[in-house]
Amino acid sequence: MELSGAEIVVQALKDEGVDYVFGYPGGAVLHIYDALFRQSDVKHILVRHEQGATHAADGYARATGRPGCVLVTSGPGATNAVTGIATAHMDSIPLVVLTGQVPTPFIGSDAFQEVDTVGITRPCVKHNFLVKRREDLAATIHKAFFIATTGRPGPVVVDIPKDVTDPNIKIPYEHPRKVSMRSYSPVEKGHPGQIKKAVELLLAAERPMVYTGGGVVTGDAAAELTELIRATGFPVTNTLMGLGAYPATDRQFLGMLGMHGTYEANMAMHECDVLLAIGARFDDRVTGKIAQFCPNAKIIHIDIDPSSISKNVRVDVPIVGPVKRVVHDMVKVVQEHKGRLNREALGRWWERIEGWRKIDCMRYDRHSDSIKPQFAVETLYKITRDQDFYLTSDVGQHQMFAAQFYKFDKPRRWINSGGLGTMGFGLPSAMGVQLAYPDATVACVSGEASILMCIQELATCKQHGLPIKVVLLNNGYMGMVRQWQEFFYGGRYSHSYVDSLPDFVGLAQSFGHVGMRIEKPAELEDAMREAFGMKDRLVFMDVAVDPAENVYPMIEAGKGHHEMYLPPHFSSDTELA
Amino acid sequence: MRHIISILIENEAGALSRVAGLFSARGYNIESLTVAPTEDASLSRMTLVTTGSEEVIEQITKQLNKLIDIVKLVDLSEGPHIERELMLIKVRAEKSARDELKRLADIFRAHIIDVTDASYIIEMTGDGNKLDAFVRLLGEDLIVEVVRSGPLAIARGPKGLTI
């Protein structure tokens, strides 16, 4: 068929199975918007700021596993999208971001709304393209989807000058079913010899530990991981990005690890003799001080990206491959030799772990007169645990409390900006999730500082009828900043108090939503039940929480896993291991 | 340690900045970088000289391989290879100095490719040490201008870096 450049863009999206594109129109993309107007297969969600578009597409991608799609204009449209692109890049989320560009003859002339989008986004994308010829448009868009979704996924930007989408010039279009690139061919399986070597280490382990990250979620390997853990009887911990990859309610799960991880997970990391890392990248918030990281362990690392291996921590057995396939192959080898597992040593190891678990490191004051943020998350869990439920988060204390106290039993249910730590992510990402799963319950846990960074998206929620439940843990401070200032800056709370907050109830109402203010622990459960009962309304719960509460346990940046701060009400001899 | 990395990269706009940007973003050293199209016009060949510990070099090659435009790369320092650099050097060549400069150029197997009353341009190839030695020998007083290509390198033996 013969199509104009603008029609090619829309047709290519259809052929890639895109149902939603999140965007905001502007001069350079008007031809494309006109082509969108004349069809109904690709539905456009009008956001209120381009950052919201990228986060919404990102939330959609994290919840579904399918690529998120964004359409923005040139210049400020593109630069506003950058935060969301970088967020997706850090967490390996597949996005295809189409940006308008000034017409090719104007490129480089500092034309109106011109920026070097390819240059600006280069360090925070998996790849990007500038399409200078109409004839290259279709192939480039299909390549973009191929690159975004294969190997280690990530965002791909396609910058499209306005003249390339000229509605008056038509050229033949065909959907290339298969994309192949001589410079890009992701690995399809792990090396069998390396897998055998890894299994030998695991079978001989006396104090094994399995540490898994976001790669198990994005790589759809949760079922294989669960099988491996059940087959071996090993303890397992998840990173912030990996929560839900193994059922949190299972006994073999030790909770999250790292800076705000559990005592048992961090101590088990410190004392293990064999560490199996799967789809994780040894981030500094996880490892603490590298020199003291798993000091006695042989380390096995499975990852799709070779550059993740031995980047921060030297590993003994690297396995490059898609985690799903590698763990599947690993389970087979383990099953054959299951009898050789050192059950006796494993029994002793579990006794030691249970001793750590008994410390109950996340205990908090349940009789407080004010609402503790931990209690708020526990109540949220109580109410929503039996529902088809997704939780997105912003960044800060509330994010950590949610990660610690919400027990995710399934992957893709916990959606947060782990790598970049982008405040403002929570609400727009919840929009993407709710659109993908209109019948599911979607909540966004946030703080009064984070939520204001993308508050404008409340209007998008109204326009598109998205009944998201916002659980705002309002402590009046940038809580995590305040916590660090309390611990490390002598209590000098420099600019972390958020003065002049809006009346969130009134604010929600002015956007056409339901607002609620909750101040007493005794009211919380009933109020939340009422809120979650309003199936077709966005309800904004402004929950007043204790402003002095801190996130524990905590490992100070640059300390080892065994040097945790436990909450102050623990006796001093258990404060540090 | 010093490493020479040879890269075959898609000959596309912006490919060079992907490589350069990677080095600056991750704090790696670049000593020199040369690039030109190959006999296959769709491919460029880069020769990149860098220094770093074994771990850093391992990361550099992995990160380079991750760039979508890079088709193939090899660390030539891992095996026997030949390295050559081209230098063009403009020197003051007045009366008494002219004969001595000509003799020096001959000893270094260099060529004088431009002559005026007051200057020579000398063309010279070799490995970096040889070029350094020549520059040192001439001294600052005689040198007007030096331009060096940065090293090019190729592995010894019958095998080639091709796709």
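The values are calculated or read from the model by the stated rules, or taken from the named source; none is laboratory data. Every value quoted in this text rests on a predicted model; they were computed, and no experiment measured them. Cβ: placed from backbone, ideal geometry, glycine included. Neighbour counts: every protein chain shown.
Against the definition (at pLDDT 95 or above, under 15 Å from B:L8 (Cα atoms) and within 14 Å of chain A (Cβ to nearest Cβ)), how does B:L67 come out, yes or no? Yes, satisfied. The number of residues in segment B:70-104 that are of a type in the set (V, I, T) and within 14 Å of chain A (Cβ to nearest Cβ) comes to 2. Just one of the listed residues (A:R182, A:R230, A:R177) is within 18 Å of A:I353 (Cα to Cα) and of a type in the set (K, R), namely A:R230.
Of the strands (runs of 3 or more DSSP E) lying entirely inside segment A:257-327, the ones with 1 or more residues being within 14 Å of chain B (Cβ to nearest Cβ) are found at A:298-303, A:317-320.
The combined condition, being over 17 Å from the mean Cα position of the chain (by Cα) and charged (D, E, K, R), is not fulfilled by B:R148. Scanning segment A:161-192 for residues that are hydrophobic (A, V, I, L, M, F, W, C) and within 13 Å of chain B (Cβ to nearest Cβ) turns up A:V179, A:M181, A:V187.
This table checks each residue for (1) within 11 Å of chain A (Cβ to nearest Cβ); (2) out of contact with any Pro (no Cβ under 8 Å at 6 or more places or on another chain).
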site	(1), (2)
B:I4	no, no
B:G14	yes, yes
B:G21	yes, no
B:E31	no, yes
B:P37	no, yes
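When segment A:419-432 is filtered for residues that are assigned to a helix (DSSP H, G or I) and over 12 Å from the mean Cα position of the chain (by Cα), the ones remaining, listed by number, are A:L427, A:P428, A:M431, A:G432.
Taking segment A:8-103 as the region of interest, the helices (runs of 4 or more DSSP H) fully inside it that hold 3 or more residues being over 24 Å from A:P153 (Cα atoms) are A:30-37.
From A:A376, A:A443, grab the single residue that is hydrophobic (A, V, I, L, M, F, W, C), part of a strand (DSSP E or B) and at pLDDT 95 or above. Walk me through how you get there before you give the answer.
On the way: A:A376 fails: part of a strand (DSSP E or B).
Within the list A:A376, A:A443, the selection yields A:A443.
Comparison of A:T239, A:T249, A:T262 shows that the only residue that is closer than 19 Å to A:D305 by Cα and either touching a helix residue (DSSP H, G or I) at 6+ places or on another chain (Cβ under 9 Å) or at pLDDT 95 or above (or both) is A:T239. Look at (1) crowded, with 17+ Cβ neighbours inside 10 Å; (2) out of contact with any strand residue (DSSP E or B) (no Cβ under 6 Å at 6 or more places or on another chain); (3) farther than 21 Å from A:T422 by Cα and you find that A:Q101 fails only one, number (2). The residue of segment B:46-64 that is nearest to B:N11 (Cα to Cα), among those that are surrounded by 16 or more Cβ atoms within 10 Å (Cβ to Cβ) and more than 14 Å from chain A (Cβ to nearest Cβ), is B:T47. Filtering segment A:105-134 down to residues that are surrounded by 15 or more Cβ atoms within 10 Å (Cβ to Cβ) and away from chain B (no Cβ under 12 Å), which residue is farthest from A:A78 (Cα to Cα)? In this case the residue turns out to be A:R134. The set of residues in segment A:366-423 that are closer than 20 Å to A:L466 by Cβ, hydrophobic (A, V, I, L, M, F, W, C) and either without any contact (Cβ under 8 Å) to a residue 40 or more places away in the chain or surrounded by fewer than 24 Cβ atoms within 10 Å (Cβ to Cβ) (or both) comprises A:I383, A:F389.
Just one of the listed residues (A:P167, A:P176, A:P186, A:P153) is surrounded by 23 or more Cβ atoms within 10 Å (Cβ to Cβ), outside any helix (DSSP H, G or I) and not β-branched (V, I, T), and it is A:P153.
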